[in-house]
Amino acid sequence: MNQSQARSDWVDEVVDKYADMVYRIAFTQMKNKADADDIFQEVFLKLCKSAVAFETDEHIKAWLIKVTVNTCRKSFTSSWSKKVVELPEDLAYEEEYPDFEVVPAVKSLPSKYRTVVHLFYFEDMQVMEIANVLKSTVGTVKSQLSRARNLLRNKLKGGIEDA
Amino acid sequence: MLDKQYKKEMKQITPSQDLINRTKMAMREEMQSKPKRPLFRKAVALATVAAIVAFVIFSTNLLNQTNDIFFPDNLFTIRAYAMEIQPDGTIKLREVDISQLEGWTGHDDGEALFISIGLWFDFEGYNIKTVEFSLAEGFFATQYIGNFVDASELQQAYVGIDGRLAMYGTEFDKVGNVIKFGDVMDSDILLFWGSYGVRIDEWYLNPIEISVIVTFDDGEIYEQPLRIEFNVPGITTIEEWPQNHSEFIRLERPTMEQYEHFATAPLEDFTLIPESIKVITPTTHFEFYVGGHTPVTISIPTFPEYWDASRIINDPYNQFDENGISRVPMGIRDDEGFIVVIKLDADGVFTAMTYVVPLQK
């Protein structure tokens with residue numbers, strides 16, 4: 001197998017394996033699917049440009065989560081200084097998924113809460129793992145989860161099951 | 001269970017096949033262009049030719065040059081940015097001098113005092129492995145400015161030379177007396193200094209000392225002290241005022257035109273609230289007074305050298321005019337504006353008072 005083919009196979013492998021994860025994290029952070037699309041592409045391009053030597057699948061997964069969250073945050077920062085006009089054909093996800101109940105409630109949380117809620121409840125990550133990936137502390141993640149649950153409890157009957 | 005419902009719904013969110021295909025194509029293109037390092041090849045070729053022509057004279061210089069280009073020395077720089085509210089309500093970051101605060105803000109939630117270091121920090125350099133900020137006293141608290149996309153949700157105050165420095169929310173993540181970053185700083189983290197059990201009226205604007213320890217890839221350790229001095233007035237919001245002033249009034253932000261009016265119109269045109277007049281000493285804080293409620297206090301520096309009237313008047317960064325008067329626009333409620341005026345007399349006595357400003361129709 002030549003080098004070019006090996007690279008191509010690696011691209012297929014890594015995107016196929018982590019596409020859903022990256023996209024869903026971006027989706028929880030961004031306002032619409034078009035923005036999530038942009039983040040998705042940016043994150044995988046950053047992976048190509050990265051000089052990081054990944055040792056394990058867990059390493060690459062953690063890197064992708066961290067970079068996705070940071071890329072979303074940077075996108076928030078830069079959006080302050082520009083007016084973004086949403087294209088009419090950019091269908092709001094609420095219209096595409098009218099039956100969604102919990103996702104809209106999670107998306108209405110402050111962004112830091114959305115991140116930990118998603119990683120905890122969807123990616124099934126432990127508090128310690130989330131703290132490591134987000135370069136935060138266990139106490140902060142626990143506190144964010146707790147506040148997020150309280151907010152969700154007010155938005156939804158029953159809330160999200162405590163850990 | 002709603003967590004199962006969340007998973008069920010979220011599993012329906014997937015990237016389109018078109019997006020996946022476009023991304024893969026872009027990645028392949030990126031990887032094909034990556035290995036080229038023409039600059040390096042040119043440098044090596046140049047070095048080879050030069051070595052043949054005059055090996056003894058030039059070889060050392062060329063080697064150093066190549067090293068400078070491809071293997072830069074360890075370098076660390078810290079930068080600070082002030083958050084400014086723009087006339088259209090957006091927030092913009094402006095680079096500022098860390099050693100010269102233009103204004104500061106704080107929040108007293110009844111259990112802890114959070115003092116805004118006023119700034120968004122960022123660092124850059126070469127070969128950085130980790131950067132650690134540590135405090136000898138107090139703790140760090142953080143906020144993510146990414147949460148403040150909608151500036152209307154901010155707890156806002158208007159401090160600084162042009163009264164446009166942004167305030168922040170009132171929820172903090174307490175992270176202890178050490179906060180550590182990798183080779184890049186989280187893109188939008190706001191650092192606050194916190195202290196438990198201290199009310200704003202007990203805090204005397206002591207400088208905050210932060211130690212920044214940088215570890216480079218080669219193991220070299222570099223330490224940079226940061227000293228944040230609060231030598232300009234600041235504003236603190238209070239969640240639970242300890243003296244039965246519990247009602248918080250949200251004041252709206254003045255427009256730039258109104259701000260200009262607050263800052264320049266003759267004081268005689270405004271209405272003084274007589275009961276608000278108070279002499280401020282280094283150990284007192286001025287309660288901003290609006291109809292019996294107390295949303296904020298104004299604090300002024302306590303350093304002995306700062307209490308030298310002539311120094312303040314001559315300090316280009318001070319907010320006092322040639323008559324020793326400083327105006328701090330506080331905001332608008334209904335059809336009235338409020339400003340706090342601090343007067344400094346020749347003996348170095350500060351007197352603060354609140355004025356009501358009729359709004360121009």
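The 3J(HN,Hα) values that the Karplus relation (6.51, -1.76, 1.60; θ = phi - 60°) gives for segment A:56-68 are, in residue order, 9, 4, 5, 5, 5, 5, 4, 4, 5, 4, 4, 5, 5 Hz. Gly and Pro appear as x.
Going down the list A:LYS107/A:LYS142; B:LYS4/B:LYS24; A:LYS112/A:LYS155; A:LYS107/B:LYS180, which pairs span over 23 Å between their C-alpha atoms? Violating the 23 Å Cα-Cα cut-off are B:LYS4/B:LYS24; A:LYS107/B:LYS180. Rounded to 0.05, the FRET efficiency of the B:ILE325 and B:ASN206 pair, given R0 = 35 Å and the Cβ-Cβ distance, is 0.85. The label-point distance for B:GLU223 and B:THR77, in a model that sets each label 7 Å from Cα toward Cβ, rounds to 2.5 nm. Expressed in nm to one decimal, what extension gain is obtained for the pair B:GLU124 and B:ASP97 from 0.36 nm per residue of sequence separation less their Cα-Cα distance? Length difference between fully extended and current span is 8.1 nm.
Remark: segment A:99-163 projects, on average over all directions, an area of 4.1 nm² (convex hull of Cα atoms). Put in order of Cβ neighbour count within 10 Å, fewest first, the listed residues A:THR68, A:THR137 become A:THR137, A:THR68.
The numbers here are math on the coordinates, done by the rules we state, and not lab data. What you see is a predicted model; the values in this text were computed from it and never measured. Cβ coordinates were reconstructed from backbone atoms using ideal geometry, including for glycine residues, and neighbour counts include every protein chain displayed.
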